[in-house]
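The values are calculated or read from the model by the stated rules, or taken from the named source; none is laboratory data. Just so it is clear, the structure is predicted and the values come from calculations on it, not from any experiment. Every residue, glycine among them, receives a Cβ derived from its backbone with ideal geometry; neighbour counts consider all protein chains shown. The area values use the complete protein model at the heavy-atom level, side chains included, leaving out ligands, DNA and RNA. Shrake-Rupley method; radii C 1.70, N 1.55, O 1.52, S 1.80 Å.
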Amino acid sequence: MMGQRTPLYDLHVAAGARLVDFGGWDLPVNYGSQIEEHRAVRCDAGMFDVSHMCALDLRGTGTRALLAQLLANDIGRLTVPGKALYSCMLRADGGVIDDLIAYFLDEQWFRLVVNAGTAAKDLEWIRERARPAGVSLTPRRDLAMIAVQGPQAQAKALPLLRPACQARAAGLGPFFATPCGEWFVARTGYTGEDGYEIMLPSGGAPAFWNALQAAGVRPCGLGARDTLRLEAGMNLYGSDMDERVSPLESGLAWTVALDGDRDFIGKEALVAERSRGSARKLVGLLLLERGVLRSHQQVVAGDAGSGEVTSGTYSPTLERSIGFARVPAAAAGTVQVDIRGRLVPARIVKLPFVRNGRILVEL
Amino acid sequence: MSKVPAELRYTKSHEWLRALPDGSVEIGITDHAQAALGDLVFVEVPAAGRTLATGDACAVVESVKAASDVYSPLGGEVLAGNEALATQPELVNQDPYGKGWILRLKPSGNAASADLQDATAYAAEVAGD
(Lines give C-alpha, C1' and ligand atoms only; values in the text may rest on other atoms or scores of the structure.)
Protein backbone atom coordinates (compact mmCIF):
# COMPACT_ATOMS: atom_id res chain seq x y z
CA MET A 1 0.00 0.00 0.00
CA MET A 2 1.27 3.45 -0.84
CA GLY A 3 1.98 5.63 2.15
CA GLN A 4 1.61 9.36 2.47
CA ARG A 5 4.34 11.42 0.87
CA THR A 6 6.08 14.53 2.15
CA PRO A 7 6.83 17.50 -0.15
CA LEU A 8 10.42 16.18 -0.36
CA TYR A 9 9.47 12.66 -1.51
CA ASP A 10 10.66 13.12 -5.11
CA LEU A 11 14.04 14.41 -3.92
CA HIS A 12 14.48 11.35 -1.68
CA VAL A 13 13.71 9.01 -4.56
CA ALA A 14 16.08 10.87 -6.89
CA ALA A 15 18.81 10.64 -4.24
CA GLY A 16 18.45 6.85 -4.17
CA ALA A 17 17.09 6.67 -0.63
CA ARG A 18 15.74 3.39 0.73
CA LEU A 19 12.17 4.17 1.70
CA VAL A 20 10.21 2.57 4.54
CA ASP A 21 6.77 2.97 6.02
CA PHE A 22 6.83 5.03 9.20
CA GLY A 23 3.50 5.86 10.81
CA GLY A 24 1.78 5.63 7.42
CA TRP A 25 4.40 7.76 5.63
CA ASP A 26 6.96 6.71 3.01
CA LEU A 27 10.21 8.06 4.42
CA PRO A 28 13.93 7.52 3.80
CA VAL A 29 15.58 5.10 6.21
CA ASN A 30 18.99 5.90 4.71
CA TYR A 31 20.53 7.35 1.54
CA GLY A 32 23.65 5.17 1.70
CA SER A 33 25.64 4.45 4.84
CA GLN A 34 23.51 5.04 7.94
CA ILE A 35 26.63 5.19 10.11
CA GLU A 36 28.16 7.94 7.96
CA GLU A 37 24.89 9.88 8.20
CA HIS A 38 25.01 9.49 11.99
CA ARG A 39 28.60 10.75 12.11
CA ALA A 40 27.76 13.75 9.92
CA VAL A 41 25.30 14.91 12.60
CA ARG A 42 27.70 14.28 15.49
CA CYS A 43 30.69 15.96 13.82
CA ASP A 44 29.33 18.37 11.18
CA ALA A 45 25.74 18.86 10.00
CA GLY A 46 22.94 16.63 8.77
CA MET A 47 19.28 17.15 7.89
CA PHE A 48 16.11 15.12 8.23
CA ASP A 49 12.79 15.42 6.46
CA VAL A 50 10.40 15.40 9.42
CA SER A 51 7.42 16.73 7.49
CA HIS A 52 5.43 13.69 8.63
CA MET A 53 5.27 15.22 12.11
CA CYS A 54 2.15 17.27 12.58
CA ALA A 55 2.10 20.92 13.68
CA LEU A 56 -1.12 22.00 15.37
CA ASP A 57 -1.97 25.64 15.97
CA LEU A 58 -4.16 26.40 18.97
CA ARG A 59 -5.62 29.87 19.11
CA GLY A 60 -7.86 31.72 21.52
CA THR A 61 -7.79 33.24 24.97
CA GLY A 62 -8.46 29.89 26.63
CA THR A 63 -5.44 28.12 25.08
CA ARG A 64 -3.11 28.30 28.06
CA ALA A 65 -5.81 26.98 30.42
CA LEU A 66 -6.62 24.16 27.97
CA LEU A 67 -2.96 23.09 27.74
CA ALA A 68 -2.64 23.25 31.53
CA GLN A 69 -5.35 20.59 31.62
CA LEU A 70 -4.10 18.51 28.64
CA LEU A 71 -0.36 18.35 29.36
CA ALA A 72 1.48 16.59 32.17
CA ASN A 73 4.25 19.17 32.10
CA ASP A 74 3.36 22.64 33.36
CA ILE A 75 2.56 25.06 30.53
CA GLY A 76 2.86 27.77 33.22
CA ARG A 77 6.62 27.38 32.85
CA LEU A 78 6.33 29.10 29.47
CA THR A 79 6.42 32.77 30.38
CA VAL A 80 8.64 34.17 27.60
CA PRO A 81 7.21 34.14 24.05
CA GLY A 82 9.01 31.60 21.82
CA LYS A 83 9.83 29.21 24.66
CA ALA A 84 9.23 25.49 24.06
CA LEU A 85 8.17 22.73 26.47
CA TYR A 86 8.43 18.95 26.07
CA SER A 87 5.47 17.10 27.57
CA CYS A 88 3.38 13.97 27.56
CA MET A 89 -0.36 14.08 26.98
CA LEU A 90 -2.03 11.50 29.22
CA ARG A 91 -5.21 9.50 29.56
CA ALA A 92 -7.05 9.66 32.86
CA ASP A 93 -5.37 6.40 33.91
CA GLY A 94 -1.92 7.92 33.30
CA GLY A 95 -1.22 6.08 30.01
CA VAL A 96 0.71 8.15 27.47
CA ILE A 97 -1.38 9.26 24.47
CA ASP A 98 1.60 11.01 22.89
CA ASP A 99 4.68 13.05 23.63
CA LEU A 100 4.96 16.45 22.02
CA ILE A 101 6.57 19.86 22.01
CA ALA A 102 4.50 22.94 22.83
CA TYR A 103 5.68 26.36 21.68
CA PHE A 104 4.32 29.50 23.39
CA LEU A 105 4.07 32.20 20.73
CA ASP A 106 1.67 34.66 22.34
CA GLU A 107 -1.25 34.44 24.76
CA GLN A 108 -3.58 33.80 21.81
CA TRP A 109 -1.37 31.29 19.99
CA PHE A 110 0.43 28.10 20.96
CA ARG A 111 1.82 25.57 18.48
CA LEU A 112 2.12 21.85 19.24
CA VAL A 113 4.20 19.35 17.27
CA VAL A 114 2.96 15.79 17.62
CA ASN A 115 4.02 12.40 16.24
CA ALA A 116 2.82 11.26 12.81
CA GLY A 117 1.41 7.89 13.86
CA THR A 118 -0.64 9.43 16.67
CA ALA A 119 -1.72 12.65 14.97
CA ALA A 120 -5.27 11.51 14.20
CA LYS A 121 -6.08 10.37 17.74
CA ASP A 122 -4.31 13.40 19.23
CA LEU A 123 -6.44 15.70 17.10
CA GLU A 124 -9.62 13.99 18.18
CA TRP A 125 -8.59 14.08 21.86
CA ILE A 126 -7.64 17.78 21.75
CA ARG A 127 -10.60 18.84 19.61
CA GLU A 128 -13.11 17.37 22.06
CA ARG A 129 -11.64 19.53 24.81
CA ALA A 130 -10.80 22.60 22.71
CA ARG A 131 -14.35 23.14 21.49
CA PRO A 132 -15.97 23.77 24.90
CA ALA A 133 -12.97 25.95 25.82
CA GLY A 134 -13.49 28.14 22.75
CA VAL A 135 -10.03 27.29 21.42
CA SER A 136 -9.58 26.83 17.67
CA LEU A 137 -7.42 23.97 16.47
CA THR A 138 -5.73 23.95 13.05
CA PRO A 139 -3.50 21.11 11.79
CA ARG A 140 -0.79 22.68 9.63
CA ARG A 141 -0.44 20.05 6.90
CA ASP A 142 0.50 22.95 4.61
CA LEU A 143 3.91 23.12 6.31
CA ALA A 144 6.98 21.00 5.66
CA MET A 145 9.49 20.46 8.45
CA ILE A 146 13.26 20.03 8.10
CA ALA A 147 15.53 19.34 11.07
CA VAL A 148 19.10 20.59 10.57
CA GLN A 149 21.29 19.15 13.30
CA GLY A 150 24.94 19.05 14.28
CA PRO A 151 27.74 21.29 15.54
CA GLN A 152 27.87 23.08 12.14
CA ALA A 153 24.08 23.21 11.66
CA GLN A 154 23.71 26.84 12.68
CA ALA A 155 26.65 28.06 10.61
CA LYS A 156 25.41 26.24 7.51
CA ALA A 157 21.67 26.91 7.82
CA LEU A 158 21.56 30.53 8.98
CA PRO A 159 22.89 32.14 5.76
CA LEU A 160 20.12 30.39 3.81
CA LEU A 161 17.33 32.12 5.74
CA ARG A 162 15.86 35.46 4.69
CA PRO A 163 17.80 38.33 6.32
CA ALA A 164 14.92 39.16 8.66
CA CYS A 165 14.70 35.52 9.77
CA GLN A 166 18.48 35.18 10.07
CA ALA A 167 18.73 37.83 12.75
CA ARG A 168 15.90 36.30 14.76
CA ALA A 169 17.15 32.72 14.40
CA ALA A 170 20.71 33.71 15.32
CA GLY A 171 19.43 35.14 18.60
CA LEU A 172 17.48 32.05 19.66
CA GLY A 173 18.47 30.36 22.90
CA PRO A 174 18.21 26.58 23.21
CA PHE A 175 14.57 25.43 23.24
CA PHE A 176 13.29 28.71 21.83
CA ALA A 177 11.52 29.33 18.53
CA THR A 178 10.47 32.25 16.40
CA PRO A 179 7.87 32.63 13.69
CA CYS A 180 9.16 34.51 10.70
CA GLY A 181 6.42 35.24 8.20
CA GLU A 182 5.14 31.85 7.08
CA TRP A 183 8.35 30.21 8.30
CA PHE A 184 9.03 29.02 11.83
CA VAL A 185 12.51 28.39 13.20
CA ALA A 186 13.03 26.44 16.45
CA ARG A 187 16.30 25.66 18.20
CA THR A 188 15.14 22.17 19.08
CA GLY A 189 15.91 18.66 17.86
CA TYR A 190 16.01 14.94 18.47
CA THR A 191 19.71 14.13 18.15
CA GLY A 192 21.51 15.49 21.22
CA GLU A 193 23.24 18.09 19.03
CA ASP A 194 22.57 21.77 18.52
CA GLY A 195 20.53 22.77 15.50
CA TYR A 196 17.19 23.91 14.17
CA GLU A 197 13.82 22.47 13.32
CA ILE A 198 12.47 24.64 10.54
CA MET A 199 8.88 24.71 9.34
CA LEU A 200 8.11 26.32 6.01
CA PRO A 201 5.38 26.30 3.36
CA SER A 202 5.52 22.98 1.50
CA GLY A 203 6.09 24.53 -1.92
CA GLY A 204 9.40 26.05 -0.84
CA ALA A 205 10.70 22.93 0.88
CA PRO A 206 12.54 21.27 -2.07
CA ALA A 207 14.49 24.45 -2.90
CA PHE A 208 15.46 24.93 0.75
CA TRP A 209 16.52 21.26 1.06
CA ASN A 210 18.69 21.59 -2.06
CA ALA A 211 20.25 24.80 -0.76
CA LEU A 212 21.10 23.11 2.54
CA GLN A 213 22.66 20.22 0.68
CA ALA A 214 24.70 22.62 -1.47
CA ALA A 215 25.90 24.25 1.78
CA GLY A 216 27.27 20.88 2.91
CA VAL A 217 24.40 19.61 5.07
CA ARG A 218 24.11 15.85 4.59
CA PRO A 219 20.70 14.24 4.03
CA CYS A 220 20.05 11.67 6.78
CA GLY A 221 17.35 9.04 7.13
CA LEU A 222 15.25 7.59 9.91
CA GLY A 223 17.95 5.02 10.64
CA ALA A 224 20.45 7.67 11.73
CA ARG A 225 17.67 9.59 13.47
CA ASP A 226 17.02 6.52 15.62
CA THR A 227 20.66 5.87 16.56
CA LEU A 228 21.16 9.58 17.33
CA ARG A 229 18.10 9.88 19.57
CA LEU A 230 19.01 6.67 21.39
CA GLU A 231 22.53 7.93 22.10
CA ALA A 232 20.92 11.18 23.27
CA GLY A 233 18.66 9.26 25.68
CA MET A 234 15.43 10.40 24.05
CA ASN A 235 12.30 8.23 24.02
CA LEU A 236 10.45 7.14 20.91
CA TYR A 237 6.67 7.01 21.22
CA GLY A 238 5.28 3.57 20.40
CA SER A 239 8.57 1.85 21.35
CA ASP A 240 9.55 3.25 24.74
CA MET A 241 6.11 4.33 25.90
CA ASP A 242 2.50 4.14 24.80
CA GLU A 243 -1.01 4.18 26.29
CA ARG A 244 -0.28 1.11 28.46
CA VAL A 245 2.46 2.73 30.54
CA SER A 246 2.78 5.87 32.60
CA PRO A 247 5.49 8.50 32.10
CA LEU A 248 6.86 7.57 35.55
CA GLU A 249 7.65 4.08 34.21
CA SER A 250 9.06 5.58 31.01
CA GLY A 251 11.95 7.65 32.33
CA LEU A 252 9.84 10.79 31.95
CA ALA A 253 9.15 11.75 35.58
CA TRP A 254 11.21 14.90 34.93
CA THR A 255 8.56 16.04 32.45
CA VAL A 256 5.62 15.60 34.83
CA ALA A 257 4.75 18.53 37.08
CA LEU A 258 2.88 16.73 39.86
CA ASP A 259 3.34 19.28 42.62
CA GLY A 260 1.18 22.34 42.98
CA ASP A 261 -2.55 22.95 42.56
CA ARG A 262 -2.74 22.55 38.78
CA ASP A 263 -5.07 19.71 37.86
CA PHE A 264 -4.39 17.86 34.61
CA ILE A 265 -5.70 14.74 32.94
CA GLY A 266 -3.89 11.75 34.46
CA LYS A 267 -2.67 13.60 37.56
CA GLU A 268 -4.69 11.57 40.06
CA ALA A 269 -3.38 8.28 38.65
CA LEU A 270 0.22 9.50 38.74
CA VAL A 271 -0.08 10.84 42.30
CA ALA A 272 -1.35 7.40 43.35
CA GLU A 273 1.46 5.68 41.44
CA ARG A 274 4.05 7.91 43.04
CA SER A 275 2.75 7.28 46.54
CA ARG A 276 2.75 3.49 46.17
CA GLY A 277 5.98 3.52 44.12
CA SER A 278 6.28 2.57 40.45
CA ALA A 279 6.73 -1.17 39.83
CA ARG A 280 9.00 -0.61 36.84
CA LYS A 281 11.42 1.92 35.43
CA LEU A 282 12.99 2.69 32.08
CA VAL A 283 16.78 2.52 32.11
CA GLY A 284 19.69 2.84 29.72
CA LEU A 285 21.63 -0.35 28.90
CA LEU A 286 25.18 -0.69 27.64
CA LEU A 287 25.88 -4.14 26.22
CA LEU A 288 29.17 -5.46 27.59
CA GLU A 289 29.88 -8.05 24.88
CA ARG A 290 29.28 -8.54 21.17
CA GLY A 291 25.78 -8.39 19.84
CA VAL A 292 23.07 -5.81 19.32
CA LEU A 293 20.19 -4.97 21.66
CA ARG A 294 16.83 -4.98 19.87
CA SER A 295 13.34 -4.14 21.07
CA HIS A 296 11.42 -6.96 22.81
CA GLN A 297 14.50 -8.90 23.90
CA GLN A 298 14.05 -10.21 27.44
CA VAL A 299 16.11 -8.67 30.24
CA VAL A 300 16.88 -10.80 33.30
CA ALA A 301 17.66 -8.72 36.39
CA GLY A 302 18.42 -11.45 38.97
CA ASP A 303 16.14 -11.48 42.02
CA ALA A 304 14.47 -8.26 40.89
CA GLY A 305 12.72 -10.16 38.08
CA SER A 306 12.69 -9.61 34.35
CA GLY A 307 11.92 -6.88 31.89
CA GLU A 308 12.17 -6.05 28.20
CA VAL A 309 14.31 -3.99 25.85
CA THR A 310 12.11 -1.21 24.41
CA SER A 311 14.67 0.20 21.94
CA GLY A 312 18.11 -1.00 21.00
CA THR A 313 20.73 -0.39 18.40
CA TYR A 314 24.39 -0.30 17.58
CA SER A 315 25.85 3.02 18.70
CA PRO A 316 28.23 4.42 16.07
CA THR A 317 29.71 6.85 18.62
CA LEU A 318 30.34 4.26 21.36
CA GLU A 319 31.00 1.43 18.85
CA ARG A 320 28.98 -0.74 21.22
CA SER A 321 25.35 -1.71 21.46
CA ILE A 322 23.08 0.48 23.58
CA GLY A 323 19.40 0.50 24.39
CA PHE A 324 16.57 1.29 26.76
CA ALA A 325 14.78 -1.36 28.81
CA ARG A 326 11.75 -1.37 31.06
CA VAL A 327 12.82 -3.35 34.12
CA PRO A 328 11.62 -3.95 37.70
CA ALA A 329 12.19 -0.89 39.90
CA ALA A 330 14.74 -2.77 42.03
CA ALA A 331 16.99 -3.72 39.10
CA ALA A 332 20.51 -2.33 39.38
CA GLY A 333 24.05 -2.97 38.24
CA THR A 334 24.53 -5.64 35.59
CA VAL A 335 21.65 -7.53 33.96
CA GLN A 336 21.50 -10.27 31.32
CA VAL A 337 19.82 -9.83 27.94
CA ASP A 338 18.53 -12.77 25.91
CA ILE A 339 20.00 -12.17 22.44
CA ARG A 340 19.04 -14.90 20.01
CA GLY A 341 19.03 -17.49 22.78
CA ARG A 342 22.28 -16.37 24.41
CA LEU A 343 22.43 -14.45 27.72
CA VAL A 344 24.69 -11.42 27.28
CA PRO A 345 25.61 -9.08 30.16
CA ALA A 346 24.61 -5.44 29.99
CA ARG A 347 25.15 -2.62 32.48
CA ILE A 348 22.43 -0.23 33.61
CA VAL A 349 23.70 3.29 32.94
CA LYS A 350 22.51 6.83 33.49
CA LEU A 351 21.19 8.52 30.35
CA PRO A 352 22.15 10.07 28.01
CA PHE A 353 24.96 8.09 26.40
CA VAL A 354 26.13 11.03 24.27
CA ARG A 355 25.45 14.76 24.31
CA ASN A 356 26.98 17.42 22.05
CA GLY A 357 29.42 14.95 20.55
CA ARG A 358 30.76 13.77 23.93
CA ILE A 359 30.45 10.26 25.38
CA LEU A 360 28.97 10.52 28.89
CA VAL A 361 28.97 6.88 30.00
CA GLU A 362 31.93 4.86 31.18
CA LEU A 363 32.79 2.18 28.62
CA MET B 1 20.92 -1.33 -9.27
CA SER B 2 22.80 -3.96 -7.33
CA LYS B 3 25.80 -5.74 -8.86
CA VAL B 4 25.45 -9.38 -9.93
CA PRO B 5 28.80 -10.69 -11.30
CA ALA B 6 28.28 -13.07 -14.21
CA GLU B 7 30.87 -15.65 -13.08
CA LEU B 8 29.20 -16.45 -9.73
CA ARG B 9 26.22 -18.59 -8.79
CA TYR B 10 23.50 -17.55 -6.34
CA THR B 11 20.95 -18.83 -3.83
CA LYS B 12 17.41 -17.58 -3.34
CA SER B 13 18.51 -16.49 0.15
CA HIS B 14 21.07 -14.06 -1.38
CA GLU B 15 24.34 -15.92 -0.88
CA TRP B 16 26.87 -16.11 -3.73
CA LEU B 17 29.24 -18.93 -4.49
CA ARG B 18 32.55 -18.80 -6.38
CA ALA B 19 34.29 -21.95 -7.61
CA LEU B 20 38.04 -21.73 -6.92
CA PRO B 21 40.64 -23.52 -9.10
CA ASP B 22 41.54 -26.02 -6.35
CA GLY B 23 37.97 -27.34 -6.16
CA SER B 24 37.04 -25.39 -3.02
CA VAL B 25 34.38 -22.67 -3.02
CA GLU B 26 34.13 -19.17 -1.60
CA ILE B 27 30.82 -17.95 -0.16
CA GLY B 28 29.48 -14.52 0.71
CA ILE B 29 26.31 -12.43 0.59
CA THR B 30 25.23 -10.48 -2.46
CA ASP B 31 25.34 -6.76 -3.09
CA HIS B 32 21.54 -6.76 -2.97
CA ALA B 33 21.63 -8.42 0.48
CA GLN B 34 24.18 -6.02 1.96
CA ALA B 35 22.24 -3.01 0.67
CA ALA B 36 19.02 -4.33 2.18
CA LEU B 37 20.69 -5.01 5.52
CA GLY B 38 22.39 -1.62 5.74
CA ASP B 39 25.70 -1.01 7.51
CA LEU B 40 27.00 -4.23 9.06
CA VAL B 41 28.26 -3.94 12.62
CA PHE B 42 29.09 -7.57 13.46
CA VAL B 43 29.83 -10.65 11.40
CA GLU B 44 30.23 -14.09 12.97
CA VAL B 45 32.09 -16.49 10.70
CA PRO B 46 32.41 -20.29 11.16
CA ALA B 47 35.60 -21.87 12.47
CA ALA B 48 37.83 -23.90 10.16
CA GLY B 49 37.13 -27.62 10.42
CA ARG B 50 33.39 -27.27 11.03
CA THR B 51 31.24 -29.60 8.95
CA LEU B 52 28.20 -28.07 7.25
CA ALA B 53 25.21 -29.61 5.52
CA THR B 54 23.51 -27.83 2.62
CA GLY B 55 21.27 -25.10 4.03
CA ASP B 56 22.94 -24.96 7.46
CA ALA B 57 23.13 -21.56 9.14
CA CYS B 58 26.88 -21.01 8.95
CA ALA B 59 27.37 -17.32 9.74
CA VAL B 60 25.51 -14.35 11.23
CA VAL B 61 25.55 -10.91 9.69
CA GLU B 62 24.23 -8.21 11.98
CA SER B 63 23.52 -4.73 10.70
CA VAL B 64 22.27 -1.53 12.28
CA LYS B 65 18.81 -2.83 11.39
CA ALA B 66 18.71 -6.58 12.01
CA ALA B 67 20.58 -9.84 12.52
CA SER B 68 20.39 -12.43 9.71
CA ASP B 69 21.71 -15.93 9.26
CA VAL B 70 23.82 -16.87 6.27
CA TYR B 71 23.01 -20.32 4.87
CA SER B 72 25.57 -22.59 3.30
CA PRO B 73 24.65 -23.30 -0.34
CA LEU B 74 26.60 -26.58 -0.13
CA GLY B 75 27.61 -29.22 2.37
CA GLY B 76 31.28 -29.67 3.22
CA GLU B 77 34.10 -28.77 5.54
CA VAL B 78 34.91 -25.16 6.42
CA LEU B 79 38.46 -24.33 5.30
CA ALA B 80 38.42 -20.76 6.64
CA GLY B 81 36.18 -17.99 7.88
CA ASN B 82 37.11 -14.44 6.91
CA GLU B 83 38.75 -13.27 10.14
CA ALA B 84 39.12 -9.71 8.85
CA LEU B 85 35.36 -9.26 9.27
CA ALA B 86 35.69 -9.43 13.08
CA THR B 87 37.23 -5.96 13.09
CA GLN B 88 36.01 -4.69 9.70
CA PRO B 89 32.43 -5.87 9.14
CA GLU B 90 32.03 -2.94 6.71
CA LEU B 91 34.09 -4.91 4.14
CA VAL B 92 30.88 -6.79 3.36
CA ASN B 93 29.17 -3.50 2.50
CA GLN B 94 32.10 -2.09 0.58
CA ASP B 95 33.21 -5.16 -1.37
CA PRO B 96 30.64 -7.96 -1.00
CA TYR B 97 32.14 -10.13 -3.77
CA GLY B 98 35.79 -9.53 -2.86
CA LYS B 99 37.27 -8.58 0.53
CA GLY B 100 33.87 -9.18 2.10
CA TRP B 101 33.83 -12.94 1.48
CA ILE B 102 32.53 -14.88 4.50
CA LEU B 103 33.84 -18.45 4.29
CA ARG B 104 35.72 -20.97 2.14
CA LEU B 105 34.44 -24.51 1.96
CA LYS B 106 35.66 -27.86 0.69
CA PRO B 107 32.44 -29.30 -0.79
CA SER B 108 31.59 -32.87 0.17
CA GLY B 109 29.68 -33.52 -3.05
CA ASN B 110 29.78 -32.23 -6.57
CA ALA B 111 29.59 -28.43 -6.37
CA ALA B 112 28.39 -28.18 -9.95
CA SER B 113 25.23 -30.17 -9.22
CA ALA B 114 24.01 -27.89 -6.41
CA ASP B 115 20.65 -26.18 -6.75
CA LEU B 116 21.88 -22.68 -7.56
CA GLN B 117 20.89 -19.92 -9.95
CA ASP B 118 23.10 -18.28 -12.52
CA ALA B 119 23.61 -14.50 -12.59
CA THR B 120 20.83 -13.88 -15.11
CA ALA B 121 18.23 -15.73 -13.05
CA TYR B 122 19.35 -14.10 -9.80
CA ALA B 123 19.39 -10.61 -11.33
CA ALA B 124 15.85 -11.14 -12.54
CA GLU B 125 14.79 -12.27 -9.08
CA VAL B 126 16.18 -9.25 -7.22
CA ALA B 127 14.88 -6.87 -9.86
CA GLY B 128 11.39 -7.98 -8.86
CA ASP B 129 11.93 -7.17 -5.16
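The table for this structure:
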{"read-out": "Shape of chain B, Cα gyration tensor, a/c cut at 1.5", "value": "oblate"}
{"read-out": "Extended-chain gain in nm, criterion 0.36 nm per residue less alpha-carbon gap, A:Arg5 and A:Arg274", "value": "92.6 nm"}
{"read-out": "Heavy atoms of A:Met2 accessible to a 1.4 Å probe, total area in Å² rounded to 10", "value": "130"}
{"read-out": "Residues in the range A:3-50 that, when all protein chains are in place, have 10 Å² or more less accessible area than the chain alone would give (probe 1.4 Å)", "value": "A:Arg18, A:Val29, A:Asn30, A:Ser33, A:Gln34, A:Ile35"}
{"read-out": "Surface accessible to a 1.4 Å probe, A:Glu308 within the full protein complex, Å²", "value": "80"}
{"read-out": "Charge-dipole axis of the protein assembly as shown as Lys and Arg at +1 and Asp and Glu at -1 on Cβ define it, positive-most pick from B:Thr51, A:Pro201, A:Leu19", "value": "A:Pro201"}
{"read-out": "Euclidean distance of C-alpha centroids, the range A:300-325 and the range B:58-78, integer Å", "value": "24"}
{"read-out": "Cα-projected label distance for B:Gln117 with A:Cys43, points at 7 Å along beta-carbon direction, nm", "value": "3.8"}
{"read-out": "Rounded to whole Hz, the Karplus (6.51, -1.76, 1.60) HN-Hα couplings of the range B:73-90, x for glycine and proline", "value": "x, 9, x, x, 10, 5, 8, 6, x, 7, 5, 4, 6, 4, 9, 10, x, 5"}
{"read-out": "Gap separating the Cα centres of the range B:12-57 and the range A:148-221, nearest whole Å", "value": "45"}
{"read-out": "Solvent-accessible area of A:Glu193 with every protein chain in place, 1.4 Å probe, in Å² to the nearest 10", "value": "20"}
{"read-out": "Förster radius 25 Å - calculated FRET efficiency between A:Ser239 and A:Ser136 (Cβ-Cβ, nearest 0.05)", "value": "0.15"}
{"read-out": "Expected-Rg normalisation [2.2 N^0.38 Å, Cα atoms] applied to chain A", "value": "0.99"}
{"read-out": "Pairwise FRET efficiency - B:Ala66 versus B:Lys106, Cβ, R0 = 41 Å, nearest 0.05", "value": "0.85"}
{"read-out": "Top of A:Gly195, A:Gly333, A:Gly284 by mean-square fluctuation, Gaussian network on chain A, Cα under 10 Å", "value": "A:Gly333"}
{"read-out": "Chain A: Cys lacking any partner C-beta under 4.7 angstrom", "value": "A:Cys43, A:Cys54, A:Cys88, A:Cys220"}
{"read-out": "GNM top mover of B:Ala53, B:Ala80, B:Ala66 - chain B, alpha-carbon springs below 10 Å", "value": "B:Ala66"}
{"read-out": "Antiparallel %, DSSP beta bridges [both residues in the protein assembly as shown], to 5", "value": "95"}
{"read-out": "Positive-end residue of A:Ser311, B:His32, B:Val4, charge dipole of the protein assembly as shown with Cβ unit charges", "value": "A:Ser311"}
{"read-out": "Entries in A:Lys121/A:Lys350; B:Lys3/B:Lys65; A:Lys350/B:Lys65; B:Lys3/B:Lys99; B:Lys12/B:Lys106; B:Lys12/B:Lys99 that, when Cα-Cα distance is taken, lie over 27 Å", "value": "A:Lys121/A:Lys350"}
{"read-out": "Inter-label distance for A:Arg129 and B:Ala19, nm, one decimal - labels placed 7 Å from Cα along Cα-to-Cβ", "value": "7.1"}
{"read-out": "Per-bin percent of Cα-Cα distances, the range A:1-147 [10 Å]", "value": "10, 35, 30, 19, 5, 0"}
{"read-out": "The range A:1-278, dipole about Cα centre (Lys/Arg Cβ +1, Asp/Glu Cβ -1), debye to the nearest 20", "value": "520"}
{"read-out": "Neighbourhood net charge (11 Å Cβ-Cβ; Lys/Arg +1, Asp/Glu -1) for A:Arg280", "value": "-1"}
{"read-out": "Total charge dipole magnitude, the range A:279-363, about the Cα centre, Cβ charges on Lys, Arg, Asp, Glu only, Debye to nearest 20", "value": "200"}
{"read-out": "Förster radius 60 Å - calculated FRET efficiency between A:Asp106 and B:Ala86 (Cβ-Cβ, nearest 0.05)", "value": "0.55"}
{"read-out": "Label-to-label distance, nm, for residues given as B:Ala127 and A:Arg77 (7 Å Cα→Cβ offset)", "value": "5.7"}
{"read-out": "Inter-centroid distance (Cα atoms) of the range A:1-63 relative to the range A:261-298, Å", "value": "28"}
